[in-house]
Amino acid sequence: MSVIIAARRTAVVPAGGAFAALSFHDLAAPVIQSCLTDAGLDVSAVDEVIVGNALGAGGNPARLCALAAGLPHRVAGLSLDRQCVSGMDAILLADALITAGRAGVVIAGGAESTSRRPVRLQTFADNRSPVAYDQAAFTPWPDRDPDMAQAADNLGQLLRIDRAAQDGWAVDSHAKALAARQQIAQEIVPLAGVVQDAFTRRLSQTTCRRATAVAGTITAANAAVSADAAGFALVVADHIAASFTGPKAQITAGTTLGGDPALPGIAPIAAAKDSMKMAGLSASDIQAADIMEAYAVQAIACVQGIGLDPARVNIGGGALARGHPIGASGAINVVRLFHTLQSAKGDGLAAIAAAGGIGTALLLRV
């Protein structure tokens, strides 16, 4: 059994903004250090660092983060790329290592610099010149590998979630984030002079109606903006957490499941239901939930499919009011949930979808 005893993140900043000059390890290092400071642990206590990163294009991003944070050279670092769910999966993997008795203290989360992502080239066996690409293939079948915005619009059509509902969700997300700014500030590590999520604003239905269309009902207002950020949790064995007097939350269950690649937005539903079954919980037992808002339609579909009370979802706003730093987004969901539960108490759920039809869910208890 494992317990989170600290959870921190940077602000989330749209790509090309205040974090544009920072690499993913520049974002990660101060967050890792802040988690250890919060818990009163020395760097020598860390057994492993697990980092979700989707755009670093190879190498071992976790090793760079560990070294940049000043951790001992023996901490090798483990990198994970399962796209959007990577940061949350890193925390689940930390839980698994600790539960198996292979580690006692693990820092896990995600870091992503969309601004500094390398250019990737597709090469060919013939004499054609390499072609730059920004999105990898998520299935081996080009005709069954939809653009993410198009897949979101398809989901809206399938479940009859219209643009008005999506825009309304986006407006609420920003309003809740603005109302919770003071509380949210407690989880943010100041960096490059940024102390709050840069994208949060007073979004209105009028602004939504003027938003640039992306695909059908999907617009720039009801889809999360690409961003730079890092978020981490300090996960420890229960015997270590027992002597810790600060905020903490027990990881009670969690899983990652695959679903239909054509409908990636609803993949978290099965993962959430499976996780709640493991923990002996029902949707009505969830006191707070942090559900990823890559698209408003995705969040609405997941809330409906899981059976959550919308009033208990994304209490401090969601990714629509922050941005989407792919490999870090799942970890930020967990950081947000950890801090929300310190006052909400009880059981909480974090869930996120990824391209290719993948969903991850994690349950915390305070």
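The values are calculated or read from the model by the stated rules, or taken from the named source; none is laboratory data. The structure presented is a predicted model; accordingly, all values stated were derived computationally and were not measured. Cβ sites come from the backbone with ideal geometry, for glycine too, and all protein chains shown count toward neighbours. We work out accessible area using only protein heavy atoms, side chains counted, and drop any ligands, DNA or RNA first. Shrake-Rupley method; radii C 1.70, N 1.55, O 1.52, S 1.80 Å.
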Percent of alpha-carbon pairs separated by more than 18 Å within segment 111-224 | 68 percent
For the chain: rounded, prolate or oblate by the Cα gyration tensor [a/c cutoff 1.5] = rounded
Using the heavy atoms of the protein chains alone and a 1.4 angstrom probe, what is the accessible area of the chain per residue in square angstrom?
-> 39 Å²
Count the net charge of all other residues whose Cβ sits under 14 Å from the Cβ of Tyr133, scoring Lys and Arg as +1 and Asp and Glu as -1.
-> 0
Using the Cα atoms as the points, what is the convex hull volume per residue of segment 209-366 in Å³?
-> 115 Å³
Charge sum, other residues only, whose C-beta stays under 15 Å from Leu97's C-beta, Lys/Arg counted +1 and Asp/Glu -1 | -4
Report the full-extension gain for the segment Ala136 to Arg202: residue separation times 0.36 nm, less the Cα-Cα distance, to one decimal in nm.
-> 20.3 nm
Would you work out which of Met148, Ile98, Ala132 lies farthest towards the positive end of the dipole of segment 82-154, given +1 charges on the beta-carbon of Lys and Arg and -1 on that of Asp and Glu, about the Cα centre?
-> Ile98
May I ask you to compute the full-extension gain from Arg209 to Ala185, defined as 0.36 nm times their residue separation minus their alpha-carbon distance, rounded to one decimal in nm?
-> 5.6 nm
Geometric extent, Cα atoms of segment 1-73 - Rg, Dmax (angstrom) | 13.0, 40
Segment 31-132 - Rg and Dmax from Cα coordinates, angstrom | 16.3, 58
Between Arg120 and His239, Cβ-based FRET efficiency (R0 41 Å, step 0.05) works out to 0.40
Note down the relative contact order for the chain as a percent, whole number, built from C-alpha pairs under 8 angstrom at least six residues apart.
-> 28 percent
Taking each full run of DSSP H in the chain as one helix, which ones are at least 20 Å long along their axis (Cα atoms) and have mean Kyte-Doolittle hydropathy of at least -0.5?
-> 24-39, 163-179, 326-344
Express in Å², to the nearest 10, the accessible area of Met278 obtained by rolling a 1.4 Å probe over the protein heavy atoms while all chains stay in place.
-> 110 Å²
If you build the Cα gyration tensor of segment 183-259 and take the root of 5 times each eigenvalue, what three semi-axes come out, in whole angstrom, biggest first?
-> 36, 20, 11
